[in-house]
Each structure stands twice: as structure tokens, then as C-alpha cells.
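Written below as C-alpha cells is the structure these notes are about.
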Amino acid sequence: FTGIRGQTLGKMAVGIQVVNAQGKVPGLGRAALREIIGKTISTLALFLGFLWIIWDPSKQGWHDMMASTYVVRRKRL
């Protein structure tokens, strides 16, 4: 779902979407990089990759930085 729509069912429910730097759906390759490789590294590093969102000015975790993606607010279902 993330690569095709930019949203999983959970993201749809809370009104957020993953987009690339141009504001479009990230695509399958970029989504796979973000969801599989990026989140694995963020988790293995004692969740520091997710906590990084607190300190980053653009609110990106390591998984977003690796895939050049952003999480933005969208209308809820």
C-alpha cells in the first residue's frame, strides 16, 4: 500500500501519508527501501532511528532519510 497509495490502512485511519520530495506517492522501490531496509536498521539501532524524529527539524526518521520520503497529514477516511 505504501508504494502504490502512500498509505497503509492504519495511515488512512489517522490521516497521514508517505510522499517523496515532490509530494507524490513514493513508488514500490522507494517504499521497499523505507519499509524493509530503513525500518530494520532503525530498529536494530535500539530504535534510535525512530526516536530521531523528535530531534530532526523536518521530522524524518532514519527510514525516511534513507528513502527521501516525508510523512504528511491528509484527509481521513
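Structure above, values below:
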item	result
Accessible carbon and sulfur surface of the chain relative to its total accessible area, %, 1.4 Å	67
Residue among Ile41, Ile54, Ile16 with the largest mean-square fluctuation in a Gaussian network model of the chain, springs linking Cα atoms under 10 Å	Ile54
Length added when fully stretched, Ile54-Lys75, from 0.36 nm per residue minus Cα-Cα	5.2 nm
Square roots of five times the Cα gyration tensor eigenvalues for the chain, Å	19, 14, 12
Computed [θ] at 222 nm, helices only, for the chain once each DSSP H run of length n ≥ 4 contributes -39500 (n - 2.57)	-9500 deg cm²/dmol
Accessible area of the chain divided out per residue, in Å², using a probe of 1.4 angstrom	65
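The values are calculated or read from the model by the stated rules, or taken from the named source; none is laboratory data. The structure presented is a predicted model; accordingly, all values stated were derived computationally and were not measured. To get the accessible areas, we keep the full protein, side chains included, count just its heavy atoms, and leave off ligands, DNA and RNA. Shrake-Rupley method; radii C 1.70, N 1.55, O 1.52, S 1.80 Å.
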